[in-house]
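Encoded as C-alpha cells, the structure appears first; notes follow it.
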Amino acid sequence: MDTKTSYTIKLTPPQMDETARILREGNYRQRRVEHALAAAAGDNCQIVLYKSGKCLVQGKGAADWITFVLEPLVLLEARLGYEDVLNPDANTPHMGVDESGKGDFFGPLVIAAAYVDEAIAQDLKAINVRDSKTVTTDKAMQDLARKIRARLADRFVVVTIGPAAYNRLYATMGSINRILAWGHAKAIENLLEKVPDCPRALSDQFGPEQQIQRALQQKGRKIKLEQRHKAESDVAVAAASILARSAFLTAMNKLGEQAGLTLPKGASDKVKAAAEEVVKTKGGAILLEMAKCHFKTTDDVLTPLGKTRAGEGLPPAPVKKVFVPRRSAT
C-alpha cells in the first residue's frame, strides 16, 4: 500500500490544458491558489496545477486521484507504483546533491549530499521524502530533516558557505555557477570520506558538468557524475534538498537573532525593507556578514539611503558582460 500523501508531476502544455479542464468541469470544489492555472479539492485530496506545469496532489486520496484520474485521462500511462521499473537506478547505491539559498539575498548558500542504497531509498520514500519545494512550512521541513538525518546516520554531509565566505568566493570566482560547482565538489568529496564505495553522484542541472569535474580533487574524480533536469524526483537528491533547506533555515534564524529582526527569504520588497532596517542601525558593511552582496538588492538598499558600495566597504557591483557579435569578413 502506498503511504505517500504528496506527489508532484510535471505536465506538458497539452496535459496542463486537459487537467485544467477536468478540474473545472468535474465534481470538484474550486480553490484559489497564487500562481496556479487551476486548483480544486476532490475526495480526500487537493490538486494544484501551477502555471509552470507542476501539478501538486496532496492528501490521503492523492494516490487514488493519480491512479484513477490523472494517469488514464491525462498521462495515458501508469506511473504510480512503477517508479522502480521506469527508473531502475533510483534505488541503486548513489548520492544525491542539492543546494539551498542560491536565490536568497540574506543567509548562506548550503549544499548537502545524501547517500542511499535500496533499503535507505525505500525507507526515505516511506516517510514521504520529496522535493523540498513541495514542503509547505518551515516546521514540516525541520521535522522531515530530523527523520532523514536519523535514517541516514553518518551517510550525509552539509556544506554551509556563510555570507562572508560566499562574498569572498564570489570576488575570486565571479560566478554563482562556479561557487556551486566548488560547493558540490566539496560535498561529494566529504561524503566519499564516509561512503568511499559510492559509485555515482546525481545533482540538478545548473551549469556545465565539467565545472564540477574540474573542482573535484583526486578522490572525487573516481565517482561518476550525473546532472539531470528535475533531479529532485530522485529520493537521494530530494533528501539532500531537504537537508540543505533545513540548514539554511537554521542559519537564517541565527542571523535574524543577531540582526534583531526576522529576515525574510528571497529577494522581494520585504527583503529590501529588512535590509534597509539593518543598514540604518548597523551600517552598510554589515551586509558582508549577512547577505550575498553581488545581488542587485544591495544597490536597491544603499541608493535610497544615500550610501554607496565603496563608501560602505562593499565589493563593486558585478560587471554585466555584453555580447558583441563578431563581424564577418567581407
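The values are calculated or read from the model by the stated rules, or taken from the named source; none is laboratory data. As the structure is a prediction and not an experimental result, all values here were calculated from the model. Counting neighbours? That spans all protein chains shown, and the Cβs are built from the backbone with ideal geometry, glycine included.
Residue-wise test of (1) surrounded by 24 or more Cβ atoms within 10 Å (Cβ to Cβ); (2) over 24 Å from residue 6 (Cα atoms); (3) touching a residue at least 24 places away in the same chain (Cβ under 8 Å); (4) touching an Asp or Glu at 6+ places or on another chain (Cβ under 7 Å).
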| position | (1), (2), (3), (4) |
| --- | --- |
| 91 | no, no, yes, yes |
| 97 | yes, no, yes, no |
| 100 | yes, no, yes, no |
| 123 | no, no, yes, no |
| In this structure, does residue 301 turn out to be in the same structural domain as residue 149 (by TED's automatic domain parsing), crowded, with 22+ Cβ neighbours inside 10 Å and of a type in the set (A, V, I, L, M)? | no
| query | Would segment 263-272 turn up any residue that is farther than 19 Å from residue 160 by Cβ, among the aliphatic types (A, V, I, L, M) and exposed (fewer than 13 other Cβ atoms within 10 Å of the Cβ)? | reply | no
| Across segment 231-262, what is the number of residues that are touching a Phe, Trp or Tyr at 6+ places or on another chain (Cβ under 9 Å) and buried (at least 24 other Cβ atoms within 10 Å of the Cβ)? | 4
| Can you tell me which of 257, 193 is of a type in the set (D, E, K, R) and either in contact with a Cys (Cβ under 6 Å, 6 or more places away or on another chain) or not assigned by TED's automatic domain parsing to the domain that holds residue 109 (or both)? | 257
| request: Could you grab the pairs with beta carbons closer than 7 Å, sequence gap of 6+ or different chains, first residue in segment 63-74 and in the same structural domain as residue 40 (by TED's automatic domain parsing), second one exposed (fewer than 15 other Cβ atoms within 10 Å of the Cβ) and of a type outside the set (S, T, N, Q)? | output: 63/2; 71/77; 71/78
| message | Looking only at segment 170-199, how many residues end up being free of Cβ contacts under 8 Å to residues at least 40 places away in the same chain and buried (at least 18 other Cβ atoms within 10 Å of the Cβ)? | response | 5
| Of the residues 23, 86, 76, which single one is at pLDDT 95 or above and over 30 Å from residue 298 (Cα atoms)? | 23
| Looking at residue 220, is it at pLDDT below 95 and either surrounded by 17 or more Cβ atoms within 10 Å (Cβ to Cβ) or assigned by TED's automatic domain parsing to the domain that holds residue 153 (or both)? | yes
| request: Output the number of residues of segment 40-69 satisfying the condition of being under 23 Å from residue 233 (Cα atoms) and out of contact with any Leu (no Cβ under 7 Å at 6 or more places or on another chain). | output: 15
| When residues of segment 4-45 are limited to those that are of a type in the set (S, T, N, Q) and without any contact (Cβ under 8 Å) to a residue 60 or more places away in the chain, the one nearest to residue 122 (Cα to Cα) | 44
| Subset of segment 98-123 [part of a helix (DSSP H, G or I) and closer than 24 Å to residue 186 by Cα] | 120, 121
| query | Among 225, 288, 202, 263, which is the only one that is part of a helix (DSSP H, G or I) and touching a residue at least 12 places away in the same chain (Cβ under 8 Å)? | reply | 288
